[in-house]
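Only one structure is covered here, and it is reproduced in the block below.
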Amino acid sequence: MLALAEQHSYALGFRWNPSKCVVLNHPSPLSSTACGYTLSLYGVPLTQADEVTYLGLPFGKKGLIASSLVSSLSPGVAKVIGILSLIGVSCAGFSLLLCSRIYSTFVCPKFEYGLAISFLKAQDHKALEQLQDWCLCLLVGGHPT
């Protein structure tokens, strides 16, 4: 498959960057399923990993890691809320309607990124809801209880 990727790149006049490529779940040389060779592209051995972040989403052996997804979304959401708070977005400075539109425009996409393709457990839903409650309390001046 990698040889086909090399041929394809040569035919179209471009080159993949092997340092940016990662082999996910490749058997280790010590395991019973070891294939006896290393995967390489253009003669450069590819990095092997058990978990990879691609486009900001954590992937593992069985696909998207939903539990890591929630924790990886939190810093981005907190950053956006921090910026909005710094510029005075709250019910004290803006109308409730404007705050809700700012929330749906800038904060909701941060929450929703990757959720459509993930299967969240109940604890993940609870953590996501707590983060969302915190954000709404900051924007509309609510109480966390």
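The values are calculated or read from the model by the stated rules, or taken from the named source; none is laboratory data. These numbers were taken from a predicted model, which means no experiment stands behind them. Positions of Cβ are backbone-derived with ideal geometry, glycine not excepted, and every protein chain shown enters the neighbour counts. Just so you know, the surface numbers come from the protein's heavy atoms only, side chains and all, with ligands and any DNA or RNA stripped out. Shrake-Rupley method; radii C 1.70, N 1.55, O 1.52, S 1.80 Å.
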- Item | Tally, over region 103-116, of residues that are assigned to a helix (DSSP H, G or I) and of a type in the set (Gly, Ala, Ser) | 2
- Do you know which residues across region 131-145 are of a type in the set (S, T, N, Q) and surrounded by 12 or more Cβ atoms within 10 Å (Cβ to Cβ)? 132
- Given the conditions (1) open to solvent by less than 90 Å² (accessible area, probe 1.4 Å); (2) within 30 Å of residue 15 (Cα to Cα), report the number of the one that residue 72 does not fulfil. (2)
- Task: Go through the residues of region 103-120 one by one and say whether even a single one is surrounded by 16 or more Cβ atoms within 10 Å (Cβ to Cβ), at pLDDT below 85, within 30 Å of residue 48 (Cα to Cα) and in contact with a Ser or Thr (Cβ under 9 Å, 6 or more places away or on another chain).
- Result: yes
- How many of the residues in region 12-42 are under 25 Å from residue 124 (Cβ atoms) and modelled with pLDDT under 80? 1
